[in-house]
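The values are calculated or read from the model by the stated rules, or taken from the named source; none is laboratory data. Small disclaimer: the values here were computed from a predicted structure and weren't measured. Here Cβ is always computed from backbone atoms with ideal geometry, including for glycine, and neighbour counts include all displayed protein chains.
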Amino acid sequence: MTAGERRRVVGQVQAAVGVSQRRAIRFTGFPRSTVRYRTTREPQAALTARMHELAAERPRWGYRWIHRLLVREGWRVNRKRLQRLYREAGLAVRRRRRKRRRSAVPRPVRPALAGPNERWALDFVHDTLSTGRQFRCLTVLDEYSREALAIHVAQSIPAPDVIAVLETLLRERGLPAVLITDNGSEFTSRAFDAWAYSRDVKLDFIQPGKPTQNAFIESFNGTFRDDCLNLHWFTSIDRARVTIETWRNDYNHVRPHGSLGELTPAEFVVATTQERDHALQPERVHE
């Protein structure tokens, strides 16, 4: 017998005998906690409506990511319950099939990172405007915090433009000790090599044909294409810059990251900095 059915029986006993609810419960023998229980769940209609709003705003997010965002907004909802509502609503994300690849050459083992701004990864992503003209995006990622430091959009991005982007980041936050790149002409040029030498930055080139050696930026580029580039039809390069920069800020400050303990990259940087400052504080000596 469900809690609702028990409440109805208790109500009938109260009406027939004319006693209090407590005596009616004692007469029926039902546990009082099950009769007086009131659910603390969020309203079904409001929760479903908000789930549909998030699914419409972020069509490439499945129920797990939507659940994380709802929890961050203050909703008290179980992940399995949201999964049931997600399926009943007919929402589903098309999964991309990934080919399993086995590297014949062992991947290089890089030292573990102790904090942000130690090792950055750089790469290029290509897309096309509505006019058919192609453009490029230079993506810069901090491997420790997973923060998208910059996404530079232009028709062409030669080595001097790559240097200009890094010089802007230098003024904002400094430079890392290591930059991981592929063997593109922009990164292997004399101009870029001379700049790295003058800034005391080590260039770590991956092996040709081994993008998995730069796995963090490859994963980010996949998310960037899936959540942003594939969902927009850019009519101009200026419109592409505005949309992509808006997405980058959303990625850094709104989108929770599974490998960062459900924190956003910006929150993870703040938490890491606070922990480091707390560890460096001298212990108080009690007199």
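So here's what we get for this one:
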{"read-out": "Pair list, Cβ < 6 Å and 6+ apart or interchain, from segment 223-251 residues that are over 15 Å from THR128 (Cα atoms) to residues that are in a loop (DSSP other than H, G, I, E, B)", "value": "ASP227/ARG60; TRP247/CYS228"}
{"read-out": "Selection count where residues are among the aliphatic types (A, V, I, L, M) and free of Cβ contacts under 8 Å to residues at least 40 places away in the same chain, scope segment 255-276", "value": "3"}
{"read-out": "Residues that are surrounded by 14 or more Cβ atoms within 10 Å (Cβ to Cβ) and polar (S, T, N, Q), drawn from segment 234-251", "value": "THR243"}
{"read-out": "Elements of type helices (runs of 4 or more DSSP H) contained in segment 197-280, each with 2 or more residues being touching a Lys or Arg at 6+ places or on another chain (Cβ under 8 Å) and modelled with pLDDT under 95", "value": "215-227, 265-280"}
{"read-out": "ALA177 vs. criteria out of contact with any helix residue (DSSP H, G or I) (no Cβ under 8 Å at 6 or more places or on another chain), over 23 Å from ARG248 (Cα atoms) and aliphatic (A, V, I, L, M)", "value": "yes"}
{"read-out": "Filtered residues of segment 199-233 (kept if loosely packed, with under 13 Cβ neighbours inside 10 Å and aromatic (Phe, Trp, Tyr))", "value": "TRP233"}
